[in-house]
Amino acid sequence: MAFLNYNNRTICYRLLGDCEKPLLVLAHPLGMTQGVWDDMLPTLLERFRVLTWDLPGHGASAAWPQSAGDITPEDLAQEALVLAKEAGSTRFHFAGTSIGGVIGQQLVAEHTDRLISAVLTNTGAIIGTPEAWGQRAANVREKGLAAMAGEIVPRWFGPNASREQPALLDGWKVIMGRGDANSYALLCEMLGKADLRERLRGHKVPLLLIGGSEDLATPPESLKALAQFSGAPEPVILDGIGHVPSVECPLILASQLLQSLD
């Protein structure tokens, strides 16, 4: 792991692989950490230098400062750009899941010149409703992440993983419970406001969308709507997979990335 001080916060990141290879930046889902990519790394490092990082208040990254106000998609996109600069890359490939996919959409919309290509998984131009995200933010602030993890984590995975790997769910409940509640709540509120539909029209970034047939948070219809707004091809829908394919089927997702990130 490595650390970078940016805007009075410490960001935890990893930069792995041959500096002569093209850079691939990976953004993880809400409530998780950069560890979601671990099982994909051996495959990805054959072709890419890989950069992963922990979002505010997640993993080993510092919480969002109370004095800094709301978090926006542009704030998170700037983290990706600063980290890519730290890696010495002016242009890079990007892949992100869930809120990581929202970061990718922001990069596609506002920083097209920095992207070589992008893969967005299990996301949408709009995710959920402002009311639902506002309620989750309020619940997290009141009860804490550890208390909420038992309700949220099972929604991340398809029925096969939930049934066959109970320890997987238990482990991610522990990880989620260790996060910073206010940072998580601010990210919930960000998702409640985010609407990138009109801003995605007319971009020039090669784009692949991937979803899971059993994803409750961003079902296939969410990816199909995003394809219409962004001009991306028909999404690839992974059968039997939930919200986090990098954990449920890492080799399949890695194969999809290698095929598309040229």
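The values are calculated or read from the model by the stated rules, or taken from the named source; none is laboratory data. What you are looking at is a predicted structure, and each value in this text was computed from that prediction instead of being measured. Neighbour counts are summed over all protein chains in view; Cβ atoms, including those assigned to glycine, are modelled from backbone coordinates with ideal geometry.
Below are the figures for this structure:
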read-out	value
Given (1) modelled with pLDDT of 95 or more; (2) on the phi < 0 side of the Ramachandran plot, index of the condition residue 125 fails	(1)
Residue ID - surrounded by the most Cβ atoms within 10 Å (Cβ to Cβ), chosen from residues in the stretch 122-148 that are touching a residue at least 40 places away in the same chain (Cβ under 8 Å) and not in a helix (DSSP H, G or I)	122
Pair list, Cβ under 8 Å, 6 or more apart: the stretch 66-84 residue in contact (Cβ under 8 Å) with a residue 24 or more places away in the chain and over 20 Å from residue 116 (Cβ atoms), other residue in a helix (DSSP H, G or I) and small (Gly, Ala, Ser)	71/183
Set 226, 216, 168, 251: member being outside any helix (DSSP H, G or I) and either out of contact with any strand residue (DSSP E or B) (no Cβ under 9 Å at 6 or more places or on another chain) or closer than 30 Å to residue 21 by Cβ (or both)	216
Residues of the stretch 40-57 satisfying the condition of being within 16 Å of the chain's Cα centre (by Cα), touching a residue at least 60 places away in the same chain (Cβ under 8 Å) and within 18 Å of residue 250 (Cβ to Cβ)	40
Pairs with Cβ under 6 Å, 6+ apart, first in the stretch 177-202 and in a helix (DSSP H, G or I), second at pLDDT 95 or above and aromatic (Phe, Trp, Tyr)	183/64; 186/64; 188/133; 191/133; 192/133
Complete set of residues in the stretch 183-204 that are modelled with pLDDT of 95 or more and either surrounded by fewer than 17 Cβ atoms within 10 Å (Cβ to Cβ) or within 20 Å of residue 257 (Cα to Cα) (or both)	193
Neighbours by Cβ (under 9 Å, 6+ apart or cross-chain): first from the stretch 1-13, under 15 Å from residue 27 (Cα atoms); second polar (S, T, N, Q) and surrounded by 14 or more Cβ atoms within 10 Å (Cβ to Cβ)	11/61; 12/33; 12/34; 12/61; 13/34; 13/52; 13/61
Those strands (runs of 3 or more DSSP E) lying entirely in the stretch 1-87 with at least 1 residues among the basic types (Lys, Arg) and surrounded by fewer than 21 Cβ atoms within 10 Å (Cβ to Cβ)	9-16
Condition broken by residue 179, with the remaining ones in (1) surrounded by fewer than 22 Cβ atoms within 10 Å (Cβ to Cβ); (2) over 30 Å from residue 227 (Cα atoms) satisfied	(1)
Condition met for residue 95 (in contact (Cβ under 8 Å) with a residue 40 or more places away in the chain, surrounded by fewer than 18 Cβ atoms within 10 Å (Cβ to Cβ) and hydrophobic (A, V, I, L, M, F, W, C))	no
Residue within the stretch 209-217 that is of a type in the set (D, E, K, R), within 30 Å of residue 69 (Cβ to Cβ) and modelled with pLDDT of 95 or more present	no
Qualifying residue in the stretch 225-247 (condition: acidic (Asp, Glu), in contact (Cβ under 8 Å) with a residue 24 or more places away in the chain and within 27 Å of residue 56 (Cα to Cα))	no
Count of residues meeting criterion [among the small types (Gly, Ala, Ser) and more than 15 Å from residue 126 (Cα to Cα)] in the stretch 191-248	8
